1. With +1 on each Lys and Arg Cβ and -1 on each Asp and Glu Cβ, how big is the dipole of the chain about its Cα centre, in debye rounded to the nearest 20?
2. Top mean-square fluctuation among L14, L38, L51, Gaussian network model of the chain, C-alpha springs under 10 Å?
3. Treat the count of other C-beta atoms within 10 Å as a stand-in for reagent exposure and order W37, W67 from fewest to most.
4. How far apart, in nm, are two points set 7 Å out from the Cα along the Cα-to-Cβ line at E52 and at A66?
5. Using only the alpha-carbon atoms, what does the range 7-69 span along each of its principal axes? Please give whole angstrom values in decreasing order.
6. Treat the count of other C-beta atoms within 10 Å as a stand-in for reagent exposure and order R39, R12 from fewest to most.
7. Counting alpha carbon pairs within less than 8 Å and at least 6 residues apart, what relative contact order, in whole percent, applies to the chain?
8. Going by how many other Cβ atoms sit within 10 Å of their own, how do F50, F15 line up, fewest first?
Amino acid sequence: MLETDQYHEKARYLFESLDLSVTRTTSSFVIAETYTWLRYREGYKYAHLFLEIVNHSKASKALDVAWMK
C-alpha cells in the first residue's frame, strides 16, 4: 500500500508470487489489529482501504476469515 515503506518491494514480490488459486485464511483478530495499526499509523484512508481489500478478497473466495469471539 505504501510504496515508501522499506518493505514494500519485498512484500510486493511475495504477493505477486502467490498461487491465487489457494484460499488464504486469517482471523477476525488479525483483521482488527491490522485495521487499528493502520488507522493510528497511516490514517483512516489506508485503514478503510485495507477493509475494502479484505471484503473484496472474501467475496472472491480468495480469503476465508475465522470469526473469533
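Here, each number is a calculation from the coordinates, and none is a lab measurement. Computed from a predicted structure; not experimentally measured. Note that each Cβ is placed from the backbone with ideal geometry, even for glycine, and that neighbours are counted across all protein chains shown.
1. With only Lys, Arg, Asp and Glu charged at Cβ, the dipole is about 260 debye.
2. Judging by the Gaussian network model, the answer is L14.
3. On the way: W37 13, W67 8.
Neighbour counts put them in this order, fewest first: W67, W37.
4. Taking the simple label geometry, E52 and A66 are separated by 3.0 nm.
5. On the principal axes, the range 7-69 reaches 34, 32, 16 Å in Cα extent.
6. Details: R39 15, R12 11.
The fewest-first ordering by Cβ neighbours comes to R12, R39.
7. Working: 47 pairs, mean separation 27.7, N = 69.
It rounds to 40 percent for the chain.
8. Working: F50 18, F15 9.
So the residues, fewest neighbours to most, are F15, F50.
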